[in-house]
Amino acid sequence: MEDVAYILSKVLWFPAKPGNAALLLIAIGLAGLWRGRRWGRWPALAGLGFFIALMALPLHQWVQAPLEDRFPRPATEPAHIDGIVVLGGAVEQNLTEARGIPALNGAAERMTEPVALLRRHPEARLVFTGGQGSLVHGGVTEADVAGLLWRDLGVPADRLLLEREARNTWENATLTLKLAQPKPGETWLLVTSASHMPRSMGVFRRAGWSDIIPWPVNYRTGSTLAAQTDASFPDRLREFEWSIREWVGLVAYHLMGRTDAVFPSP
């Protein structure tokens, strides 16, 4: 059942991605107009209107800001940290395999922040969770890239745990719980992108990480005019699609029983 849900999530998301859906509407509309069907203008205008709105308005900020603001970063850092769990999504395993050096993407703070935390907290352990999140992939997992990067940055091997099987957030939570075996009363941080934190916290709580502390990074929204407008069209589309995927994931995970609420709260 888990494999079916994983495959369906990948297959169904491709046509549902806002950019792909808009292009499909435009294609359907143009095909209808070419055949003399007057109805064709409506899907064509809908698809074109989406792209125009995305260029003219900060839609990407509007849909992502509520996600990022849901779990604020703690005002003060815990005095003692037993462990740090880092979710995959910041590394490019296929590029790493092709070029031989660790490749990161726009969520690189997921990989840099834990190193800074470890240096301030020599008592902490670092756990990375991430296998192969795509249907078509090579032989290198996200955890392999994380291990290569962090060892090059001086993270001691005896403080590092790598979980290489997880393909989604639910597996991140359940597999790291078995691997790390946190004890009652320990202080653990969860590091992931701020917009991914609501779903992650809901899933980790459901899986048994009852006291884990959210430590969001990789913020993509801001209240200033510059933050809301200073983005190219490809960046706007990418951020908008990422945010819509998170909202869809929140609903889907709740329906699947993987979270206790549609929009988990602190």
From the Cα gyration tensor of segment 137-206, with a ≥ b ≥ c the square roots of its eigenvalues, which class applies: rounded if a/c is under 1.5, or else prolate if a/b is larger than b/c, or else oblate? oblate
For the chain, which whole percent of the accessible surface, found with a 1.4 angstrom probe, sits on carbon and sulfur atoms? 62 percent
A student applying the Cα gyration tensor rule (rounded when a/c is under 1.5; otherwise prolate if a/b is larger than b/c, oblate if not) would label segment 187-266 oblate
What ³J(HN,Hα) values, in whole Hz, does the Karplus curve 6.51 cos²θ - 1.76 cosθ + 1.60 give for segment 166-172 when θ = phi - 60°, with x put for Gly and Pro? 5, 10, 8, 5, 4, 5, 3
Over segment 199-266, with neighbouring protein chains present, the accessible area per residue in Å² at probe 1.4 Å is 50 Å²
Mind jotting down the distance between the C-alpha centroids of segment 211-266 and segment 40-91, whole Å? 4 Å
Near LYS178, which aspartates and glutamates are there with a Cα under 15 Å away, not counting those fewer than 8 places off in the same chain? GLU163, GLU165
What relative contact order, as a whole-number percentage, does segment 119-197 give when Cα pairs under 8 Å and 6 or more residues apart are counted? 34 percent
Within the chain: Cβ-based charge dipole about Cα centre, in debye rounded to nearest 20 (Lys, Arg +1; Asp, Glu -1): 960 debye
Considering only GLY100, ALA31, MET55, whose Cα is most displaced toward the positive end of the charge dipole of the chain, charges sitting on Cβ of Lys, Arg (+1) and Asp, Glu (-1)? ALA31
At a temperature of 10 °C and a viscosity of 1.306 mPa s, determine how fast the chain diffuses translationally according to Stokes-Einstein, using the Kirkwood radius over alpha-carbon pairs as Rh; express D in µm²/s, rounded to the nearest whole number. 80 µm²/s
Relative contact order [Cα under 8 Å, 6+ residues apart], the chain, whole percent: 22 percent
So for the chain, taking the charge dipole from beta-carbon charges (+1 Lys/Arg, -1 Asp/Glu), which of LEU190, PHE128, PHE263 sits furthest toward the positive end? PHE263
How high is the relative contact order of segment 185-266, given as a whole-number percent (alpha carbon pairs under 8 Å, six or more residues apart)? 38 percent
Classify segment 6-89 from the C-alpha gyration tensor, please: rounded if a/c falls under 1.5, else prolate or oblate depending on whether a/b exceeds b/c. oblate
Whole-Hz ³J(HN,Hα) from phi, Karplus 6.51 cos²θ - 1.76 cosθ + 1.60, for segment 80-88, glycine and proline x: 10, 10, 7, x, 10, 9, 10, 7, x
Would you mind working out the accessible area per residue for segment 1-156, using a 1.4 Å probe, and quoting it in Å²? 53 Å²
What is the set of long-range amide H partners of ILE84 at a cut-off below 5 Å, with H atoms built 1.01 Å from backbone N? ARG125, LEU126, VAL127, LEU189
Most to least accessible of TYR219, TYR253 (protein chains only, probe 1.4 Å): TYR219, TYR253
Once phi for every residue in segment 244-256 is put through the Karplus expression 6.51 cos²θ - 1.76 cosθ + 1.60 (θ = phi - 60°), the whole-Hz ³J(HN,Hα) values, with Gly and Pro written as x, are 4, 4, 5, 4, 4, x, 4, 5, 5, 5, 5, 5, 7
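The values are calculated or read from the model by the stated rules, or taken from the named source; none is laboratory data. Here the structure is a predicted model, which means the values were calculated and not measured. Virtual Cβ from ideal backbone geometry, glycine too; neighbours counted across all protein chains shown. Calculation scope for accessible area: heavy atoms of the full protein, side chains included, ligands and nucleic acids excluded. Shrake-Rupley method; radii C 1.70, N 1.55, O 1.52, S 1.80 Å.
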